[in-house]
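Trainee: Take this structure, written in structure tokens, and hold onto it; I'll ask about it next.
The values are calculated or read from the model by the stated rules, or taken from the named source; none is laboratory data. Because the structure is a prediction, the values reported are computed rather than measured. Cβ coordinates were reconstructed from backbone atoms using ideal geometry, including for glycine residues, and neighbour counts include every protein chain displayed.
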Amino acid sequence: MNTPKISQQEIINAFNFRHATKEFDATKKIADADINFILETAQLSPSSFGFEPWHFIVVQDKELRELLKPVAWGAPVKLDTASHFVLGLSMKAPMVKWDSEYIMHMMKEVKQLPEDVIEMYTKFYREFQERDFNLDNDKKMFDWASKQTYIALGNMMTSAALTGIDSCPIEGFHQEKAEALLREKFGVDTDKYGLSFMVAFGYRKADPEFPKSRRNIEDIVSWK
Ligand SMILES: Cc1cc2nc3c(=O)[nH]c(=O)nc-3n(C[C@H](O)[C@H](O)[C@H](O)COP(=O)(O)O)c2cc1C
């Protein structure tokens with residue numbers, strides 16, 4: 001494996017290039033290899049204990065995109081113009097609680113851990129959830145999984161920008177209505193998964209304002 005050698009200048013350029021794209025050029029499509037690359041950076045993202053509490057639905061079907069519009073006020077223009085439109089789902093308590101079938105599946109089949117390590121991990125994971133993070137209700141558990149799914153979101157948007165692809169993260173939706181839709185029309189088991197965010201990918205229709213408006217670095221970082 002090679003040590004990355006991308007220059008800081010290139011990376012900062014990509015961070016400046018990335019902006020919340022309000023409207024995409026609907027005539028431009030992201031190549032399959034490029035969107036698969038972006039999704040691979042979600043797959044490679046870090047997660048707590050490595051349990052990957054997420055799922056991504058790439059919505060390319062026009063009718064399904066139409067159905068999302070009434071429940072997602074922040075998304076209509078993006079649903080019409082984005083090359084690819086992704087729903088970021090996070091796992092709920094029945095999936096990520098320390099004693100769930102899914103966690104056992106991850107340890108046994110995916111990570112192929114030996115029995116004694118599984119036992120040790122289970123104990124740590126339980127203590128972490130119950131004692132350290134006090135994840136004592138479904139909402140807290142989902143929000144905790146969501147925090148991790150947002151890491152994958154950040155990585156996807158950055159990797160898109162590094163390859164000249166635009167994106168827009170979207171939280172402008174009604175959570176309950178959107179989840180009802182996912183249950184009824186997208187075949188999502190909403191006992192197990194909730195909707196954390198939407199994210200659109202494509203190519204900008206117009207350039208954004210530059211430079212970006214941001215607080216000063218001294219106001220957001222303190223050194224002790
Ligand atoms: C979690 C999250 C949710 C957002 N939701 C929306 C949205 O629903 N619609 C939208 O147009 N922009 C949305 N944005 C984009 C922000 O408004 C934007 O990132 C911010 O104003 C900074 O601008 P920039 O990303 O262009 O640098 C969202 C951003 C984040 C991180």
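Trainee: Does segment 60-83 hold any residues that are within 11 Å of the ligand (Cβ to nearest atom), surrounded by fewer than 20 Cβ atoms within 10 Å (Cβ to Cβ) and either without any contact (Cβ under 8 Å) to a residue 12 or more places away in the chain or over 14 Å from Phe201 (Cα atoms) (or both), and which are they?
Mentor: Once the filter is applied, which keeps residues that are within 11 Å of the ligand (Cβ to nearest atom), surrounded by fewer than 20 Cβ atoms within 10 Å (Cβ to Cβ) and either without any contact (Cβ under 8 Å) to a residue 12 or more places away in the chain or over 14 Å from Phe201 (Cα atoms) (or both), segment 60-83 yields Trp73, Gly74, Pro76.
Trainee: If you go through segment 1-32, how many residues are among the hydroxyl-bearing types (Ser, Thr, Tyr) and touching a strand residue (DSSP E or B) at 6+ places or on another chain (Cβ under 6 Å)?
Mentor: 1
Trainee: Could you list, ordered by first residue, the pairs with Cβ atoms under 7 Å in which the first is in segment 201-220 and in contact (Cβ under 8 Å) with a residue 40 or more places away in the chain and away from the ligand (no atom under 14 Å from the Cβ) and the second is among the acidic types (Asp, Glu) and part of a loop (DSSP other than H, G, I, E, B), at least 6 apart or interchain?
Mentor: Tyr203/Asp25
Trainee: Let me ask you something else. For segment 33-41, state whether one or more residues are in a loop (DSSP other than H, G, I, E, B) and either modelled with pLDDT under 95 or out of contact with any strand residue (DSSP E or B) (no Cβ under 7 Å at 6 or more places or on another chain) (or both).
Mentor: no
Trainee: Just for segment 45-59: of the residues that are out of contact with any Leu (no Cβ under 9 Å at 6 or more places or on another chain) and aromatic (Phe, Trp, Tyr), which one is surrounded by the most Cβ atoms within 10 Å (Cβ to Cβ)?
Mentor: Per the criteria, the residue is Phe51.
Trainee: Scan segment 32-44 and give yes if some residue there is of a type in the set (A, V, I, L, M, F, W, C), exposed (fewer than 15 other Cβ atoms within 10 Å of the Cβ), within 30 Å of Met120 (Cα to Cα) and touching a residue at least 60 places away in the same chain (Cβ under 8 Å), otherwise no.
Mentor: yes
Trainee: Out of Asp132, Asp138, Asp99, Asp143, report the one residue that is surrounded by 13 or more Cβ atoms within 10 Å (Cβ to Cβ), under 25 Å from Gly194 (Cα atoms) and away from the ligand (no atom under 16 Å from the Cβ).
Mentor: Just a single option satisfies the conditions, and that option is Asp138.
Trainee: Any idea which residue in segment 1-16 is farthest from the ligand (Cβ to nearest atom), counting only those that are over 20 Å from the mean Cα position of the chain (by Cα) and in contact (Cβ under 8 Å) with a residue 40 or more places away in the chain?
Mentor: The residue in question is Ile6.
Trainee: Go through segment 146-178 and report how many residues are closer than 16 Å to Gln43 by Cβ, small (Gly, Ala, Ser) and buried (at least 23 other Cβ atoms within 10 Å of the Cβ).
Mentor: 2
Trainee: Let me ask you something else. Quick check on Lys111: is it in contact (Cβ under 8 Å) with a residue 60 or more places away in the chain and in contact with a Ser or Thr (Cβ under 9 Å, 6 or more places away or on another chain)?
Mentor: No, not satisfied.
Trainee: Does Ser159 satisfy the condition of being touching a Gly at 6+ places or on another chain (Cβ under 9 Å), among the small types (Gly, Ala, Ser) and closer than 29 Å to Thr27 by Cα?
Mentor: For Ser159, the condition - touching a Gly at 6+ places or on another chain (Cβ under 9 Å), among the small types (Gly, Ala, Ser) and closer than 29 Å to Thr27 by Cα - is not met.
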